[in-house]
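Report on the structure given below.
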Amino acid sequence: MLVYFSKKNMEPIQEETTSVWICSEDTCSCWMRENFSFEESPACPICSSVMVKNTKMLPSLLNHSTK
């Protein structure tokens, strides 16, 4: 029995500095992209705490919906 494995040459995923909302509660790890939030200042969907703006290096995504 012959088994063949091939590694495809994958292009590196393009990442960019992205504006995000991060939960202010230390015990909660929730975050969301700013351009995917529905509110100007969202509350955490997990623990209902205040969320603060920050940035993360994330893969590029486009949000085609309008606010």
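For segment 2-37, which positions are of a type in the set (Val, Ile, Thr) and in a strand (DSSP E or B)?
Within segment 2-37, 17, 18, 20, 22 meet the criteria.
If the condition is being touching an Asp or Glu at 6+ places or on another chain (Cβ under 9 Å) and surrounded by 10 or more Cβ atoms within 10 Å (Cβ to Cβ), then segment 57-67 contributes only 58. Filtering segment 38-65 to residues that are part of a loop (DSSP other than H, G, I, E, B) and under 30 Å from residue 11 (Cα atoms) leaves 60, 61, 62, 63, 64, 65. Taking residues in segment 29-51 that are open to solvent by less than 80 Å² (accessible area, probe 1.4 Å), and partners anywhere that are among the β-branched types (Val, Ile, Thr), the pairs with Cβ atoms closer than 7 Å and at least 6 places apart or on different chains are 30/46; 32/20; 33/18; 33/20; 34/20; 43/50; 51/22. Scanning segment 9-28 for residues that are β-branched (Val, Ile, Thr) and open to solvent by less than 80 Å² (accessible area, probe 1.4 Å) yields 18, 20, 22.
The values are calculated or read from the model by the stated rules, or taken from the named source; none is laboratory data. Every value quoted in this text rests on a predicted model; they were computed, and no experiment measured them. In this analysis, Cβ positions are derived from the backbone assuming ideal geometry, glycine residues included, and neighbour counts consider all displayed protein chains. Protein only, heavy atoms only, side chains kept; ligands, DNA and RNA dropped before computing areas. Shrake-Rupley method; radii C 1.70, N 1.55, O 1.52, S 1.80 Å.
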